[in-house]
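Report on the following structure.
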Amino acid sequence: MEIGEKLKNLRIQKNLTQEELGERTDLSKGYISQLERNLSSPSMETFFDILAVLGVTPEQFFSQKIGEQKILYKEEDTTSYSDETNGYHIKWLIPESNEKEMEPILLTLEKAGQYKQFSPSLSETFIYILEGTIGLQFGDDYFVAHAGESIYYEASKPHRLQNHGNKPTKVLIVATESYL
């Protein structure tokens, strides 16, 4: 088993340099480099300290194959929620997307439906209108987009999506800094 390669991959996924990982575990950058190149083996205590900083349990570490990632997601992988009061239906297309950099969802708004009000955040949001017409209240501004058009914004102001037409509207939303 290539423990060093797995440690390096986890460190990179956590956006840590070797120096930062070393500082958080009281180890030198050079020693972290040796571990990642399988030139040295850590004690159990050191290994568990490294895993704690990387946010994985030993079981998770050893059960995950190097480079293993799910690529294809099917309908049965999705999760849905409906809010009849506000007239919207949301489908999370990737089950663990709130743990990733991007969160893709399908949002359907019934006639006069509206999605929740969002506070300003660090999120960037991309919306592609699949069907119907959508309105975006963004601070004091209001934007309208039709099927085949896109909206992209940094969520620096309070904002809300609503159906701007007379029939259901369906949009694909991809947001960063998961806030959906």
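General observations
- Alpha carbon centroid spacing (whole Å) that separates segment 5-50 from segment 123-180: 42
- Dipole magnitude for segment 106-159: computed about the Cα centre from +1 point charges on Lys and Arg Cβ and -1 point charges on Asp and Glu Cβ, it is near 160 debye.
- Karplus-derived HN-Hα couplings along segment 124-129 (A = 6.51, B = -1.76, C = 1.60, θ = phi - 60°), whole Hz, x at Gly and Pro: 10, 10, 10, 10, 10, 8
- Accessible area of segment 45-180 belonging to carbon and sulfur atoms, whole % at 1.4 Å probe: 50
- Applying a threshold of 26 Å to the alpha-carbon distances of LYS70/LYS91; LYS74/LYS170; LYS6/LYS29; LYS100/LYS167; LYS91/LYS111; LYS70/LYS111 flags LYS100/LYS167; LYS70/LYS111 as lying beyond it.
- Projecting the Cα atoms of ILE151, LEU7, PHE62 onto the charge dipole of the chain, computed from C-beta unit charges around the Cα centre, puts ILE151 farthest toward the positive end.
- Rounded D (µm²/s) - segment 116-169, Kirkwood Rh over Cα pairs, Stokes-Einstein at 20 °C, 1.002 mPa s: 189
- Vicinal HN-Hα couplings computed from phi for segment 142-149 (Karplus, 6.51 cos²θ - 1.76 cosθ + 1.60; Hz; Gly/Pro x): 10, 10, 10, 10, 10, 3, x, 9
- Cα extents for the chain along the principal axes, largest to smallest and rounded to whole angstrom: 66, 36, 27.
- Under 12 Å from LYS14, Cα to Cα: aspartates and glutamates that are on another chain or at least 8 residues apart: GLU99, GLU101
- Sequence ranges 54-61, 74-81, 133-140, ranked by mean other-Cβ count within 10 angstrom, highest first: 133-140, 54-61, 74-81
- Partners of LYS116 within straight-line reach, counting aspartates and glutamates whose Cα lies under 18 Å from its Cα and excluding those fewer than 8 residues away in the same chain: ASP83, GLU84, GLU103, GLU124, ASP140, ASP141, GLU154, GLU177.
- Computed from the Cβ-Cβ distance with R0 of 41 Å, the FRET efficiency linking HIS146 to ASN9 stands at 0.45.
- Label-to-label distance for SER156 and THR46 is 4.7 nm, based on points extended 7 Å past Cα in the beta-carbon direction.
- Here each label is just a point 7 Å from Cα along the line to Cβ, and for THR57 and GLU23 those points are 3.0 nm apart.
- Extension reserve of the GLN34-ASN86 stretch, reckoned as 0.36 nm per residue once the Cα distance is removed: 13.1 nm
- The magnitude of the dipole of the chain, with charges of +1 and -1 set on the Cβ of Lys/Arg and Asp/Glu and taken from the Cα centre, is near 280 debye.
The values are calculated or read from the model by the stated rules, or taken from the named source; none is laboratory data. This is a predicted model, so every value here is computed, not measured. Because the Cβ atoms are built from the backbone with ideal geometry, glycine has one as well, and the counts that use them run over all protein chains shown. Calculation scope for accessible area: heavy atoms of the full protein, side chains included, ligands and nucleic acids excluded. Shrake-Rupley method; radii C 1.70, N 1.55, O 1.52, S 1.80 Å.
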